[in-house]
Each structure stands twice: as structure tokens, then as C-alpha cells.
1. Among CYS228, GLY217, GLY193, whose Cα projects farthest towards the positive end of the dipole of the chain, with charges put on the beta-carbon of Lys, Arg (+1) and Asp, Glu (-1)?
2. Hey, what does the equivalent ellipsoid look like for region 73-141, semi-axes from the Cα gyration tensor as sqrt of 5 times each eigenvalue, largest first, whole Å?
3. Divide by every residue of the chain the summed helix terms, -39500 (n - 2.57) for each DSSP H run of at least 4, and state the resulting mean residue ellipticity at 222 nm, rounded to the nearest 500 deg cm²/dmol.
4. P(r) for region 331-429: what percent of alpha-carbon pairs falls in each 5 Å bin, starting at zero?
5. So how strong a dipole does region 103-257 carry about its Cα centre when Lys and Arg Cβ are +1 and Asp and Glu Cβ are -1, to the nearest 20 debye?
6. Of all beta bridges DSSP finds with both residues in the chain, what is the antiparallel percent, to the nearest 5?
7. Can you give me the long-range amide H partners of LYS235? Hydrogens built in the peptide plane at 1.01 Å from N, cutoff under 5 Å, separation of 5 or more residues or another chain.
8. Just the number please: accessible area per residue for region 1-159, 1.4 Å probe, all protein chains included, in Å².
Amino acid sequence: MQGVKDYIETHKERFLEELFDLLRIPSISADSAYAKDVAKTAQVIKSKLQEAGADRAEVFSTKGHPIVFAEKILNPSLPTVMVYGHYDVQPPDPLDLWTSPPFEPEVRDSKIFARGACDDKGQMYMHVKAFEYMVANEELPCNVKFMIEGEEEVGSSSLGTFCEEHKSMLSCDVILVSDTSMIANDVPSITTGLRGLSYVEVEVTGPNRDLHSGTYGGAVANPVNALCEMISQLKDDKNQITIPGFYDKVQVISSDERKAMNEAPFDLDTYKSALAIEEVNGETGYTTLERTSIRPTLDVNGIWGGYTGEGAKTVLPSKAYAKISMRLVPNQNHDEITKLFSDYFVRLAPDGIKVKVTPHHGGQPYVTEVSSIEYQAAAKAYKKSFGVDAIPQRSGGSIPIIPLFEEVLDSKTVLMGFGLDSDNIHSPDENYGLFNYFKGIETIPYFYKYYTEMKSDEN
Ligand code: BES
Ligand code: MN
Ligand code: MN
């Protein structure tokens, strides 16, 4: 397996060019104008999996965007690793804040800049290239399946049904995912948890039409004012969420575990200066690392209403809107939280205001055990390629389909992410380090090797 470094060195340019070809296709799942590009991306991935050595590769159409499935079965008695990833990307706007166009990938400062460079085309494609290496060098120790979807960024709505309908095709021992980040290039970490998500849109209505703010102002409730007042009541002065029952099921983390978690390398000054903020701001009694991993939170993601054009227009708007997300932790249930939010938010409405709450996608939180074979195999793989021990770390982000895999396919997931928090995922100038791309390709085959060894020792 020492050959993996040489193989990467020999094929570096091609590995990069192939990723660039994928990054050039604007596979924006949220925007129906790009549906053809999304579909084309699925076809390209299918071909790449075939070329890399899959015996079977297919594009499955769904009610939404297609799912790519591929496999190479060496021997049914061997363990099976299934790679999950997504080829869809977030919309690139605001476009004017990109240094180079989002779908014209380029390398600057040893980083690949493009929408999807890290999330998740770059991280997903490392698996295709690691697979190519293992097949070409007869180093593939077990069976492998790939399931690459095109709807992750919009809630994976077709994938649950797809899993239900293809349980035996998708059966596997472990699901391997690279769609998270690590602490730093010299401080590798393995993600042991993801937060859940409840995402709602609220519509607040006052009068039946926009009114003159002089004629009516002061006598009729203004929905923009009302919405701001309602939102400001969602957190108290300790930055705790005020929704009744919100914390009832939150898993309490032992002081030992909190202590261990806070030993992870983290520099508050670097954190603040990277974001150009003078102070951090969060729930009283918790550190920044805790606030972004073991504690739930609530954020307004967007808010609008009334006149926002040039100059001034005197108007008392009829409606105001906001999109609100709540990040959840074990053992909160996203449907329950959505209901608690809705009931409470409606009650917060002042006189003369009507409220409508529409739930969007959501998902459950996820945690993995560090004692499991899959975690241990991943840890050994990082140690081998990075030369240092990887640190277990819970992430603040969400991949709502992962808990569902466990429910439907009865398989655990291992989250071997190689991104960095500074990669600007979902933001302008998204990027992925060349180091990270190639290090990922180098680390993955070791996971297959150690996992297969540990699995056979177990039996
Ligand atoms: N890859 C991210 C999730 C992520 C990011 C995990 C950083 C850990 C660290 C994923 O593509 C994503 O963006 N998920 C969404 C949720 C989804 C339902 C849109 C998220 O976390 O906001
Ligand atoms: Mn992702
Ligand atoms: Mn994402």
C-alpha cells in the first residue's frame, strides 16, 4: 500500500483535471433552471465510476434529482463498504463576492476555488480516485458500493424512499462519508457527531395590503416590527432558547466528556480574527466548541418584507417573512421541535397579526461510538497517512440522511471528512486544499485495509 503515494504523484494532474470537469457543471439542486446540469453531473460520475473499475454503475431517476449507484463485489463473504456522497451544490450567490467565477475552477494558494470544491464534489471524488488506485493495484480488500445523490443540499427528499426500495442492493457493513471537516491540516480529526435540523419559514401578516405609514402608522400593527419582536423573544439574556420544552430531551454531557472535548486544539483569538469579530456570543456557561457541537441553537437565516429598494418609500407593509433554523442535538426529535416552535411562535403574535409557520426539511442528530470497529479503522488510517493521532470531534453541521441510513439500512456511518472550517462551504470563494484532496485519496485505501482486517478478526 506504500504505492498509493506514488500512484497519486504519477496521476496528480489527471486527478485534478477530472475534478475540475465536475466542478465546471453547475449542479445547483435548489434551482430548477439547473436540473439538466444536475442530471449531467450524475452521468459523468457514473462513467468515472465505471472507468475506475466498478462492475456495475447506474443512474437511478427519482421524483427529484438522480442517484448514482455503483458497485464492485469481489466476494459476497467479504465485508462491504458503501461510500455515500453528494454531487449537488449550493447556489453560488452573491456572485460579486467571488474572486473567480464559481464554476470556473482554478488553483490559487494551493487551493482549488469553485462551488462544490469541498462540499461535496472534491471530497466525494477522492473516493472515486482511491477506488481507482485500489482496483488498478489489486489493493481492494473488500466489496465496495457507491451511492452518490443530487439532493443533499435540499434535504435528500428522494433518498429515503430509494433506500427503502433498494434495501438489498444497498446492504453493506459500513457507510463511509467524506462531507465534514477536520480541525487543521496538522490536527486531523474524525467527526463523531452531527447536529439535527429543524428548518421553518414564517409568514407574518398585518393589514390586507401595504398602507401609507403616515395615515395608518401607530394604529395598525406593522408585521416587520412584529416579526422582529417575536424573533427577539425566542432567546433570553443567557442566549437560551425560550420555546417551552425545547431543552427537555437534550442529552446531558458528563463533565469528563466536556473536559476532553475542550482539550481539542482551539484558539479563540484566531477564531475571532478569522471572522473579524471582537467577541464571540452564545449560550452562557458553554465554550465555543461546546456551543457548536453539544448544544442546540436557533438562527434566523433570512428575513424580508416591506420596501428594500433604492431611496425611501413610506409604507406600512402587509407582510413579513423569515427563514429560521434550529440545530438539534441528541435526543431532540426534529418533528417534535418543529411543533414546539410553531405552537409557541403563533402564541407570540401581538394583536392584529396573523402567523403562518411552514416546516421545510429536517433531520435527526447523529453520534458514533469511538470504540466501534469503523471508528478504530478510520483512526488507524489517519495515523498512517498523517503520522499523528486523529482527534474525535462532534460537528455543528447536519447531514440529515445519515441517521436515516441507520434506521433503514441498519448500517453505521463513519465520517472521514478532510475539509477545513475555513473552506467557505456555502459561501463565496469556496475552496478545498490540494493537500486535503490528495491526503484524502491517500488515507481512504488504508481505511479499507484496516476495516477489512479488523472485521475478519472480529469473526
Ligand atoms: N456537508 C454539509 C454538512 C456539514 C458541513 C457537516 C460542515 C459538517 C461540517 C452538508 O452538505 C450541508 O450543508 N448540510 C446542511 C443541511 C442540509 C439539509 C441542507 C447544513 O448543515 O446546513
Ligand atoms: Mn455536504
Ligand atoms: Mn452543504
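1. Working it through, the farthest residue towards the positive pole turns out to be GLY217.
2. 34, 14, 7
3. -10500 deg cm²/dmol
4. Answer for region 331-429: a P(r) of 2, 9, 14, 15, 15, 14, 11, 7, 5, 4, 2, 1, 0 percent.
5. Value, rounded to 20: 320 debye.
6. Values: 48 of 70 bridges.
Antiparallel bridges make up about 70 percent of those DSSP assigns within the chain.
7. Here the answer is THR242, since their amide H atoms fall under 5 Å of that of LYS235.
8. I get 40 Å² per residue for region 1-159.
The values are calculated or read from the model by the stated rules, or taken from the named source; none is laboratory data. Every value quoted in this text rests on a predicted model; they were computed, and no experiment measured them. Note that each Cβ is placed from the backbone with ideal geometry, even for glycine, and that neighbours are counted across all protein chains shown. Side chains included, ligands, DNA and RNA excluded: accessible areas come from the protein's heavy atoms. Shrake-Rupley method; radii C 1.70, N 1.55, O 1.52, S 1.80 Å.
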